[in-house]
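The values are calculated or read from the model by the stated rules, or taken from the named source; none is laboratory data. These figures come from a predicted structure and were not determined experimentally. Here Cβ is always computed from backbone atoms with ideal geometry, including for glycine, and neighbour counts include all displayed protein chains. Only protein heavy atoms, including side chains, enter the accessible area calculation; ligands, DNA and RNA are left aside. Shrake-Rupley method; radii C 1.70, N 1.55, O 1.52, S 1.80 Å.
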Amino acid sequence: MKNRLRKAYENWETELDKNEWYFSDCFDALAARLSPSEAFDSIPDILDVLLHVKETYLLNETLDFLLIIYNTANTTELHPALLAKCYEINCKLELLGDSYSKSAWDELKKMLRVP
């Protein structure tokens, strides 16, 4: 999943210029291939990408994709990798986040009942 997501982020600005729904289309295609257990198992890969993006826009998109993956997984179970990375994610949001990313992160934490 990590490689497929990183591939979707290559030339993303050009792709968005051609198709304003580029990320939505990519994320729908990636999630459609996954069973609930595969979606849950892909969460660590998505977190790795989230912690390595360098643009606020991609941070926001990755958080959106994480929400899509949790919906595909059809669970509110807190993945151990997410719990382990909460501090790093908070730091990333402080450095690179905007109001949208902070709101998306708060929504995810509320859904998962993260302390």
Revision key, fill the gap. Residue-normalised value, i.e. accessible area per residue, for region 1-112 at 1.4 Å probe, in Å², stands at 55 Å²
Practice item. Could you point to the residue in H79, G97, L47 farthest towards the positive end of the chain's charge dipole, with +1 and -1 charges on the Cβ of Lys/Arg and Asp/Glu respectively? Key: H79
Practice item. May I ask you to derive the relative contact order of the chain, considering only C-alpha pairs under 8 Å and at least 6 residues apart, and to give it as an integer percent? Key: 28 percent
Study note, to complete from the structure: Note: L96 to D41 extended length (0.36 nm per residue) minus current alpha-carbon separation gives 17.2 nm
Check your understanding: Along its principal axes, what span do the Cα atoms of region 1-112 show, with the longest given first and each in whole Å?
Key -> 37, 33, 21
Check your understanding: In nm, what is the difference between 0.36 nm times the number of residues separating L112 and R33 and their Cα-Cα distance?
Key -> 26.1 nm
Study note, to complete from the structure: Residue span E20 to K54: 0.36 nm per residue of separation minus Cα-Cα distance leaves a gain in nm of 10.2 nm
Practice item. Could you give the size of the charge dipole of the chain about its Cα centre, using +1 on the Cβ of each K and R and -1 on the Cβ of each D and E, expressed in debye and rounded to the nearest 20? Key: 360 debye
